[in-house]
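Peer 1: The following block contains the structure, expressed as structure tokens.
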Amino acid sequence: MTISGSRLPAAEGVSTAPRIGRAYRVRSLAAKLALVPTLLVMLSCYYGSVTWTVYISMTRSFLLPVYKFAGTAQYERLFATPRWQVAYGNMFVFGALDIIGTLGLGILLAILLDRAVRFEGVFRTIMLYPLSISFIVTGLTWQWVLSPTIGFQHLVRDLGWTDFVFDWITQPDRAIYTLVFAGIWHQSGLIMAIMLAGLRGVDREIWRAARIEGIPTWRTYVSIILPMLRPLIVTCVVLIAIAVVKSYDLVVAMTNGGPGFSSDLPGKFVVDFEFERANIGQASAAATVMLGSVLAIVSPYLYFELARKNR
Amino acid sequence: MSAVSVSGLSKSFGHLRVLKDIDLPIEAGDFTVLLGPSGCGKSTLLNAIAGLEDTDGGVIEIDGADVTHREPSKRGIAMVFQSYALYPTMSVRKNLSFGLRVRSVPRQEVVRRVDWAARLLQIDELLDRKPSQLSGGQRQRVAIGRALVQHAKVFLFDEPLSNLDAKLRTEMRVELKRLHKELGATIIYVTHDQIEAMTLATRIAVMRAGRIEQYAAPDDLYEAPATLFVASFVGSPAMNFMRGRLLAGNAPVVQVGSAHLPLNGYRFRTSPAPGQEVVVGIRPEHVELARDAPQERIMDAETLFMEPMGADTLGWFQFGEHRLSARLVPQVARGVSGRVGLAVLSDHISLFDPSSEARL
Amino acid sequence: MTVAQRNARIGRIGLYTLLVWICLFFSIPLLVVIATSLKSSDEVRTFSIFTLPSAPGIDAWIKAWSSACTGLNCGGVRVGFWNSVRILIPSVIISVMAGAVTGYALSHWRIRGANVIMLLLLFCAFIPYQVILYPLVKTFSTIGIYSSLPCIVAVHIVFGLPVMSLLFRNFYAGLPEELVKAARIDGAGFWRIFAFVMLPMSVNILIVATILQTTGIWNDYLLGLIFAGRDNMPMTVQLNAIATTSTGVIEYNVNTAAALLTALPPLLIYFVSGRYFVRGITAGAVKG
């Protein structure tokens, strides 16, 4: 009579095969259990909350949530609100300028550092430190720098041009543009770091081939190298765009949405309406629009990224 | 068709001397191969001729003009790289035409050249594809096409076939030879594969440790190698080497072990000294089983084993302290065992100085 | 020198000049703030921030630290500093550890639907805070811990989880599978492999993750404002309150000093850890 694990349950420790099988399942269970907290948080705090917010945006809530379905009434009111119209429009203006400026400067810096041989460490340190600074400090700093009374305008007037005017930060129709300065200052370093890594990954023989064909350096970057980095550039655009949509700290510190509401952004609108104005319905509607904007940016991006990786 | 002349070229990377006083006179229309093991400096030499690397001394002339300090694009050269270096985001057509358009070559001329190159290399059906949609061999042809449309005076190839599989490599070798014939171009080609070199080249420069050991036609390299290194590097299976001594007398003879091998007709480059220690080189196809040779010429050897290679069999024998290989006909090889007598076709002996490794 | 070499030399000079100018753009705001913070109160009445202090002193710093007024109290940013520290330590430790375990579970253990989970996490990382603020507020106040230290710590953990999980998951996925397999054959289980095989190899990524979380949590404003409660306001909130309290003359020297004090910890971490910081920021940015 042969001894096998399956016939002698009492001695299942004897044969190795069933023991490993059983132990494998146990260990795998531990892994699944370890994931439970994260999954719970994700499903409740994120997806649950999102659903809740979207639901509120479709009810007739005002101060407190009132769960009476109202369809798109909140949204209609929202888009008829002048302050929201300004904030929503600002998002696109600020976003476009911030993306173009940050991307442009970041790529330029990456190219310059790709060409430069010395002092790279020093240059990188100087370009990247703004990333370690909070948006509050960034906003305050640029508020001071761009202030007409103590900042740039004052400086230029002191130097002799007594008629110089640069008071955008106090002008309702110009205030939103001042945010762009701070945004570019803060994030160009990040784009530079990402693009520089990309540039360095390009096969050096392509450079040699272009050199032999007599293609000038700038043309090589524009027509050959940068097109090769298109996926990376798209990633950078997505990152900057997401940061624009989320903006809150920067607006608060720099202009506090002012003068009036001229430099308001959706991020601030939502928080103000939720807590100061205590209008949950409008705040939720605005938040849902924010979410929609993010999805509109991220979904096609992720879709193309996944498609590209699976090819 | 242009001549290329390299004189006294040197290059160092820090303390490492990579090229030592290179002289390379290349005639117009030549297919010159730079051959050698990795690290011998062949790629560096090619890059120096291309202008991709600066040099620390020496002169490079193309078509009589001194190009030593000129940018690569002003030397009249075109280059094909090991990894093809095609522009990934451009179609084949754009890859071929981009360099020309940047140089403001007129539209019609560009179209004419691109079509000509595409037809010549049989890639005219691939013109609208991107490099990622092409096979290795097709990419290689596009890379060659890009070089052709430049209408360069000299074409440089940097190990272009190393990334291809064996079958494709043999096909491309034929292509390259055909191109060379049709275009009559001056070509400088780098490889570590000696078979490639032997089949393609009109002249080969064998390099080792930054120096050219010999620059000659393939046959000359094979029959009369100038140094021990060239003799051992060129030719497969490799040459046999034995230690021996020159004997004094009316007819020059070299003594190897107990055998005396005659050297009739050997062209000495320096006057031989009797009693001089030499290294005797003889290729396996020139070693045979002794039949009617005089006793003193026979090498008494012990059979080791047979290596069947298809058309012939390589027999391995132990002669004193030396291991020798001989090319045998398979049927004969089957009957060989134990002690045998080997003889050498004395017309094909090479003699080398043991210390300088130069041919005597 | 040949024409080509001379052109190359001019090109080099132009390149470095441009780089220096751009570096000025990056550094001048900070330098200006530092200069202003060293000025005396008299100098600050009508001045330009672009001038150097005539008699640099750290009076403004001392005032900013201990007695600047936020409109609610006059205790300086010192209060905020310690609040931020108390918020930071548990938040960073727990979120980094949670992210590590999650990333580990998702990378080396066959979990059905792991890819779906990662995609869901990725989406979470993109969701703006504002969208889930109200539900969180309601939930915490129902539980009863709204506006307190545990509340803000929990919030930071929640918001840090997706990025941390993905960060660690990508790192662990790059480690050879054989390590885990060999340990399993030796009889080790999930937690033991984590403690004795994974963690020792994770030093670099732990540093990167810690820096990323520390910088993010220290610099946070919105979450601290809403969830921390009046007694636990982080330094950034204190700073903004100080800088925007406009009673009488604006003491720019104090405000700038307060700003610098707030910016100092992450800035120091940045200067000390350079490479890790960059890796963290780029990894956190280029998720997956």
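Peer 1: Kindly list the number of the only condition in (1) of a type outside the set (Phe, Trp, Tyr); (2) within 14 Å of chain B (Cβ to nearest Cβ); (3) open to solvent by less than 60 Å² (accessible area, probe 1.4 Å); (4) free of Cβ contacts under 8 Å to residues at least 12 places away in the same chain that fails for A:Gly198.
Peer 2: (4)
Peer 1: Please give the helices (runs of 4 or more DSSP H) falling wholly within segment C:156-271 in which 1 or more residues are open to solvent by less than 50 Å² (accessible area, probe 1.4 Å) and more than 11 Å from chain A (Cβ to nearest Cβ).
Peer 2: Here the list reads C:203-218, C:222-227.
Peer 1: List, please: which pairs have Cβ atoms under 8 Å, are six or more places apart or on different chains, and start with a residue in segment B:300-321 that is touching a residue at least 60 places away in the same chain (Cβ under 8 Å) and end with one that is acidic (Asp, Glu)?
Peer 2: The qualifying pairs are B:Leu314/B:Glu307; B:Phe319/B:Asp300; B:Phe319/B:Glu302.
Peer 1: Among the residues of segment B:314-350, which ones are of a type in the set (Gly, Ala, Ser), outside any strand (DSSP E or B) and within 29 Å of the chain's Cα centre (by Cα)? Before you say what the answer is, go through the steps one by one.
Peer 2: Initial filter on segment B:314-350 (of a type in the set (Gly, Ala, Ser)): B:315, B:320, B:325-326, B:333, B:335, B:337-338, B:341, B:343, B:346, B:350.
Among the residues that remain, those that are also outside any strand (DSSP E or B) are: B:320, B:333, B:335, B:337-338, B:346.
Listed by number, the list holds a single entry, B:Ser346.
Peer 1: Same structure again: In segment C:113-138, which residues are closer than 17 Å to A:Ser61 by Cβ and open to solvent by 60 Å² or more (accessible area, probe 1.4 Å)?
Peer 2: Scanning segment C:113-138 gives a single hit, C:Lys138.
Peer 1: I've got another one for you. Output the number of residues of segment B:279-312 satisfying the condition of being under 18 Å from B:Gly244 (Cβ atoms), part of a strand (DSSP E or B) and within 33 Å of the chain's Cα centre (by Cα).
Peer 2: The qualifying residues number 6.
Peer 1: Have a look at A:Leu64, A:Leu97 and point out the one that is part of a loop (DSSP other than H, G, I, E, B) and either of a type in the set (Val, Ile, Thr) or open to solvent by 40 Å² or more (accessible area, probe 1.4 Å) (or both).
Peer 2: Step by step, each of A:Leu64, A:Leu97 is checked, and only A:Leu64 is part of a loop (DSSP other than H, G, I, E, B) and either of a type in the set (Val, Ile, Thr) or open to solvent by 40 Å² or more (accessible area, probe 1.4 Å) (or both).
Peer 1: Return the total of residues in segment A:284-311 being closer than 30 Å to A:Leu63 by Cα, at the interface with another protein chain (Cβ under 9 Å from one of its Cβ atoms) and open to solvent by 50 Å² or more (accessible area, probe 1.4 Å).
Peer 2: So the answer is 1.
Peer 1: Then there is this: Do you know which residues across segment A:224-255 are more than 7 Å from every other protein chain (Cβ to nearest Cβ) and open to solvent by less than 30 Å² (accessible area, probe 1.4 Å)?
Peer 2: A:Ile225, A:Leu229, A:Cys236, A:Val238, A:Ile240, A:Ala241, A:Val244, A:Ser247, A:Leu250, A:Val251, A:Met254, A:Thr255
Peer 1: Another question about this same structure. Could you please let me know if C:Trp109 is aromatic (Phe, Trp, Tyr), open to solvent by 20 Å² or more (accessible area, probe 1.4 Å) and touching a residue at least 24 places away in the same chain (Cβ under 8 Å)? Break it down into steps so the answer makes sense when it comes.
Peer 2: Details: aromatic (Phe, Trp, Tyr): yes; open to solvent by 20 Å² or more (accessible area, probe 1.4 Å): no; touching a residue at least 24 places away in the same chain (Cβ under 8 Å): yes.
Answer is no for this residue.
Peer 1: Here is a follow-up. Considering segment B:85-124 alone, what residues qualify as being of a type in the set (A, V, I, L, M), more than 14 Å from every other protein chain (Cβ to nearest Cβ) and assigned to a loop (DSSP other than H, G, I, E, B)?
Peer 2: B:Leu121, B:Ile123
Peer 1: More than 12 Å from chain B (Cβ to nearest Cβ) and surrounded by fewer than 18 Cβ atoms within 10 Å (Cβ to Cβ): does that describe A:Gly258? Write out each step before concluding.
Peer 2: Numbers: more than 12 Å from chain B (Cβ to nearest Cβ): yes; surrounded by fewer than 18 Cβ atoms within 10 Å (Cβ to Cβ): yes.
So A:Gly258 passes the test.
Peer 1: Scan (1) surrounded by 14 or more Cβ atoms within 10 Å (Cβ to Cβ); (2) in contact (Cβ under 8 Å) with a residue 40 or more places away in the chain; (3) of a type outside the set (A, V, I, L, M) for the single condition C:Pro53 breaks and write down its number.
Peer 2: (2)
Peer 1: With respect to the numbered conditions (1) part of a loop (DSSP other than H, G, I, E, B); (2) away from every other protein chain (no Cβ under 14 Å); (3) open to solvent by less than 40 Å² (accessible area, probe 1.4 Å), which one is the sole condition not fulfilled by B:Leu45?
Peer 2: Just one mismatch for B:Leu45, condition (1).
Here's the yes/no breakdown for (1) touching a Ser or Thr at 6+ places or on another chain (Cβ under 7 Å); (2) among the hydrophobic types (A, V, I, L, M, F, W, C); (3) surrounded by 12 or more Cβ atoms within 10 Å (Cβ to Cβ):
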| site | (1), (2), (3) |
| --- | --- |
| B:Asp312 | no, no, yes |
| B:Phe319 | no, yes, yes |
| B:Leu324 | no, yes, yes |
| B:Val332 | no, yes, yes |
| B:Gly335 | no, no, no |
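Peer 1: What residue, among those in segment A:261-278 that are open to solvent by less than 10 Å² (accessible area, probe 1.4 Å) and touching a residue at least 40 places away in the same chain (Cβ under 8 Å), is farthest from C:Tyr221 (Cα to Cα)?
Peer 2: Step by step, filter segment A:261-278, then rank; the result is A:Ser263.
Peer 1: Now for a separate question. So is C:Ser141 of a type in the set (Gly, Ala, Ser), out of contact with any helix residue (DSSP H, G or I) (no Cβ under 8 Å at 6 or more places or on another chain) and open to solvent by 30 Å² or more (accessible area, probe 1.4 Å) or not? Write out each step before concluding.
Peer 2: Details: of a type in the set (Gly, Ala, Ser): yes; out of contact with any helix residue (DSSP H, G or I) (no Cβ under 8 Å at 6 or more places or on another chain): yes; open to solvent by 30 Å² or more (accessible area, probe 1.4 Å): yes.
Spelling it out, C:Ser141 is indeed of a type in the set (Gly, Ala, Ser), out of contact with any helix residue (DSSP H, G or I) (no Cβ under 8 Å at 6 or more places or on another chain) and open to solvent by 30 Å² or more (accessible area, probe 1.4 Å).
Peer 1: Can you tell me which residues in segment B:255-296 are of a type in the set (Ser, Thr, Tyr) and open to solvent by less than 60 Å² (accessible area, probe 1.4 Å)?
Peer 2: Residue satisfying the conditions is B:Tyr266 alone.
The values are calculated or read from the model by the stated rules, or taken from the named source; none is laboratory data. Everything numeric in this text was worked out from a predicted model, so none of it was measured. Virtual Cβ from ideal backbone geometry, glycine too; neighbours counted across all protein chains shown. Quick note on the areas: whole protein, heavy atoms, side chains included, nothing else; ligands and nucleic acids left out. Shrake-Rupley method; radii C 1.70, N 1.55, O 1.52, S 1.80 Å.
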